[in-house]
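Asks: Quick one: structure below, then a few questions.
The values are calculated or read from the model by the stated rules, or taken from the named source; none is laboratory data. None of these values were measured; they are calculated from a predicted model. Counting neighbours? That spans all protein chains shown, and the Cβs are built from the backbone with ideal geometry, glycine included. Side chains included, ligands, DNA and RNA excluded: accessible areas come from the protein's heavy atoms. Shrake-Rupley method; radii C 1.70, N 1.55, O 1.52, S 1.80 Å.
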Amino acid sequence: MSKEMHNPQLSEAQLISRKEAIKRAGLMMGGFVFAPALTGILQGCTPQSGEWTPVMFDADQAATLKAIVDTIFPETDTPSASQVGIPGFIDELLSRNSSKEDQDVFMAELTEFMNQSSADLEGPFATADAETQYEYLMEIHKTSAGQGETLKDTSIPGFFMKVKWMTVVGYFTSEPGATQVLRYAPIPGPYRGCVPFEEVGRTWAT
Amino acid sequence: MNINGQAKQDMTYDAIVVGSGISGGWSAKELTERGLKTLVLERGRNVEHVKDYPTMNLDPWELPPNDDIPHEDRKHYEKQMRTGYTIKESTKHWWVKDTDQPYEEKERFDWIRGYHVGGRSIMWGRFSLRLSQMDFEANLKDGHGVDWPIRYEDIAPWYSHVEKFAGISGQAEGLPQLPDSEFLPPMELSCVEKELKKSMMDKFGRVLTNPRMANLTVPHNGRGQCMTRNLCSRGCPYGAYFSSNAATLPAAAATGNLTLRPHSIVHSLEYDDSTGKVSGVNVIDELSGEMLTFHSKIVFLNASTVGTAMILLNSTSARFPNGLGNDSDQVGRNVMDHHFLAGADAVVEGFEDKYDWGRRPQSYCIPRFRNVGNDKRDYVRGFGYQGGSGRQGWGRAIAELAMGQDLKDFAAKPGPWTIGMLGFGEILPYEDNRVTINRDKLDKWGLPTAVFDVTIRDNEYKMRKDMANDAAEMLEAMGAKNVTPYDRPYGPGLGIHEMGTARMGRDPKTSVLNKWNQIHEVPNVFITDGACMTSSGCQNPSLTYMALSARAANYAADQLEKGELS
């Protein structure tokens, strides 16, 4: 379990596409509506593709959130967090699954993050370049992991871990996350208790 | 269904079964197969096998975030949510809304239940264990509760009977304290479970065995084998685990003798002084609100432990002012469950080149070893363990100090193996562990509501120390790391194994039912759900309900053929 950190190995092309994506933030967030309506579930429908219309966030907040989740999971040979619909996932976790109190706390923390990062980066976090975003969040992550002091007296390290939790859960319960990064077997067949790891190859999604 | 204007003859059957869950399904199957025209009354909606399992094939990304229900709906499930696993978007339609079905708790009692055809046989844990002679003799030997009126040899053929139909997978071990079932091939153990098994036998002489469960490992009686999706509680498209819906109710329907009536809430049983028997079952039609009375020669109460007690207590007459069959004042008493949430977890080093394939839907099994043979503890009875193992999954990526491709790579590599065991302990039958009915607080159908006053006590608390410490000791002995024993707060009912509210016994003064599960004073009423249990053992009880239901139903049919009971 390596605790060592590395810079993200992003190609020039990936960085460009990420910048392009950031410019579009708030207008179109990845072409994926994550959760179907309840009636759809009970009828066994699958989610429909379409644009995400934020419930909780204005355009700047949505752009900030998208930039954070895409720093956690950028597009590499597998999709980015926003490409699998994580901003919409977080929006629904908050607006549908959470209490008003939890929603208010999250929104206040998001505001604190936006204000703090704007001051620190001399401009909105969402429009910073990918490497800057990574370095900035990694310092915060170190604080939340007990390995740093950055912003330790603010809500921001806790806020980051909340977003990371949501991002990881959303990403690995999405179809691309479960099937491209992890291994997913909807119908495994007979249980085998002890097989060579190579037969599976990656962590099971479920 | 046309109810109005039905003549009494149209509302008369040979037998009425109240409830369609795991025991009611068996009563219905056996009675109909014996040629009896049988009405099954189910208080909830109909659920047809496969057709009415709306979430059975949904992938994680077809469900709302985290499979959570909307926050605004949580207020409806305040008690049903106490398990932590019951109320998910994919399963919430199987559980009652507490706001519709209120009850009172003098002490915390988790009454976790679902009202629909099939009852909890759809959502049950499927662990299937026989009681042993030791369990049937326990009350007599240590003086707690009353003596069971039957012994292992009375029920053993009926265990075989139901197992051959239901399909129970497992490994024969020849243990007196946990008799073998008629097993289908067992589901495998994982690499680390095999290590633990070997270590436990070498160092303690204790057995760890494969899951004993009502999941099919081979096709069986027209049902498909388990595909190890581990989505059982959504309903199984293969019918690969036993439920009333997949197995007993279709068999009953195939006889042509079954009438299944959903939306039928039983209000009470009508006692006829002139015959000394129950002559009718009073039903509230859930949809119309109309009160109807159905008639039959015999009645099987399979309304679940608490539901059955509430029907008896609400069935008052001049002869039975305190409730039907309640001369002993034992109806509603001796509420038992299995206490759990004590055990230990650990990490196992090695086996990093190994993984498991599939999602085995049940735990390995460690049969009881305390107070067995020469072992003597400072408490009576004992506990068994259920346990599982697996490699740590992608969830560990949350805390990992990483982002980007590094984090994807980290998540794609499984973590170390972990293993755990969770004790399930016997609760003694305490007379003052009691459910009563409150006639001053009525539900929306005008029926009295339940009041629980149930606690666990010294014997259970002493046992829990062993449940945690023995688990930790056995995990240490196999060389596991980070061994963490735990004993978390347990609320009675949380095991969802309610038992004992109309116990079987030898003496009508101290028990409700005789050795054939008949009410002592009302011989045409049989009770074969968990209410009948005289002691709880530490084994998951459903298999025993199945066997007692089949046994009593065939006895009742025999008696009717001899001209008795009618």
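Asks: I'd like to check one number: the per residue accessible area of segment B:157-204, probe 1.4 Å, reported in Å² as a whole number.
Replies: 42
Asks: Can you classify segment A:83-206 as rounded, prolate or oblate using the Cα gyration tensor, where a ≥ b ≥ c are the square roots of its eigenvalues, rounded means a/c under 1.5, and otherwise it's prolate if a/b beats b/c and oblate if not?
Replies: Since a/c reaches 1.5 and a/b is larger than b/c, the shape of segment A:83-206 is classed as prolate.
Asks: Determine the alpha carbon to alpha carbon distance for each of B:Lys197/B:Lys465; B:Lys376/B:Lys462; B:Lys376/B:Lys465; A:Lys164/B:Lys75 and list only those over 18 Å. Can you show the working numbers first?
Replies: On the way: B:Lys197/B:Lys465 22 Å; B:Lys376/B:Lys462 13 Å; B:Lys376/B:Lys465 15 Å; A:Lys164/B:Lys75 28 Å.
From the list (B:Lys197/B:Lys465; B:Lys376/B:Lys462; B:Lys376/B:Lys465; A:Lys164/B:Lys75), the Cα-Cα distance tops 18 Å for B:Lys197/B:Lys465; A:Lys164/B:Lys75.
Asks: Accessible area lost on pairing A with B, both sides, 1.4 Å probe, Å² to nearest 100?
Replies: Buried area (both sides, nearest 100 Å²): 6000 Å².
Asks: According to a simple spin-label model (label point 7 Å from Cα along Cα-to-Cβ), what is the distance in nm between B:Asp272 and B:Glu182?
Replies: My value for the distance between the label points is 3.7 nm.
Asks: Name the residues of segment B:176-193, by number, that are at least 10 Å² less accessible with every protein chain in place than in the isolated chain; the surface is that of heavy atoms, probe 1.4 Å, without ligands or nucleic acids.
Replies: Those are B:Met187, B:Glu188, B:Ser190, B:Cys191, which lose 10 Å² or more relative to the chain on its own.
Asks: Pop out the carbon and sulfur fraction of the accessible area of chain B as a percent, whole number, probe 1.4 Å.
Replies: With neighbouring chains kept in place, the figure for chain B is 48 percent.
Asks: Tell me, which residues of segment B:351-395 get at least 20 Å² less accessible area when the other protein chains come in, versus the chain alone (1.4 Å probe)?
Replies: B:Asp353, B:Lys354, B:Tyr355, B:Asp356, B:Trp357, B:Gly358, B:Arg359, B:Arg360, B:Trp394
Asks: When N is the residue count of chain B, what does its C-alpha Rg come to as a fraction of 2.2 N^0.38 Å?
Replies: Against the empirical 2.2 N^0.38 Å value, I get 0.96 for chain B.
Asks: Still on this model: Can you list the residues of segment B:396-440 whose accessible area drops by at least 30 Å² going from the chain on its own to the full set of protein chains, with a 1.4 Å probe?
Replies: Those are B:Ile398, B:Glu400, B:Leu401, B:Met403, B:Gly404, B:Gln405, B:Asp406, B:Leu407, B:Lys408, B:Ala411, B:Ala412, which lose 30 Å² or more relative to the chain on its own.
Asks: How high is the FRET efficiency from A:Glu149 to B:Asp487, r the C-beta distance, R0 35 Å, rounded to 0.05?
Replies: Calculated transfer efficiency: 0.40.
Asks: While we're on this one: Between segment B:307-376 and segment A:150-204, what is the C-alpha centre distance in whole Å?
Replies: 34
Asks: Within the set of other residues whose C-beta is less than 13 Å from the C-beta of B:Asn482, count the net charge using Lys and Arg as +1 and Asp and Glu as -1.
Replies: -2
Asks: I would also like to ask the following. Report the paramagnetic label zone for B:Asp458: residues of segment B:347-385 whose backbone N is under 11 Å from a point 7 Å from Cα along the Cα-to-Cβ axis.
Replies: Within reach of a label on B:Asp458, which here means backbone N under 11 Å from a point 7 Å along Cα→Cβ, segment B:347-385 contributes B:379.
Asks: Ok, one more. Testing the spin-label approximation: label points 7 Å from Cα along Cα→Cβ at A:Ala59 and A:Glu135. State their distance in nm.
Replies: 3.0
Asks: How much FRET efficiency would the formula 1/(1 + (r/R0)^6) give for B:Asn469 and B:Gln133, where r is the Cβ-Cβ distance and R0 is 30 Å, rounded to 0.05?
Replies: The computed FRET efficiency comes out at 0.60.
Asks: Where does the Debye-calculated log10 I(q)/I(0) of segment A:120-173 sit at q = 0.15, 0.28, 0.30 Å⁻¹, using only Cα point scatterers of equal weight, no solvent?
Replies: Per q value, in the given order, log10 I(q)/I(0) is -0.46, -1.12, -1.15.
Asks: How big is segment B:247-380 in terms of Cα radius of gyration and Dmax, in angstroms?
Replies: When restricted to Cα atoms, segment B:247-380 yields Rg and Dmax of 23.9, 75 Å.
Asks: For segment B:373-488, what is the convex hull (Cα atoms) projected area averaged across all directions, in square nanometres? Let's see the in-between values first.
Replies: Numbers: hull surface 54.6 nm².
Projected over every direction and averaged, the Cα hull of segment B:373-488 covers 13.6 nm².
Asks: As a check on your grasp of the helix formula, calculate [θ] at 222 nm for chain B: sum -39500 (n - 2.57) over DSSP H runs of n ≥ 4, divide by the residue count, round to the nearest 500. Please report the intermediate quantities before stating the final value.
Replies: Numbers: 9 runs with 116 residues, N = 566.
One gets -6500 deg cm²/dmol as the mean residue ellipticity at 222 nm.
Asks: Have a look at B:Ala397, B:Pro508, B:Gly224 and report the one farthest towards the positive end of the charge dipole of the protein assembly as shown, computed about the Cα centre with Cβ charges (Lys/Arg +1, Asp/Glu -1).
Replies: So the residue we want is B:Pro508.
Asks: Let me ask something else about it. Over the protein assembly as shown, how many percent of alpha carbon pairs lie in each 10 Å bin up to the one with the longest distance?
Replies: In order of increasing distance, the bins hold 3, 13, 21, 23, 18, 12, 7, 3, 0, 0 percent.
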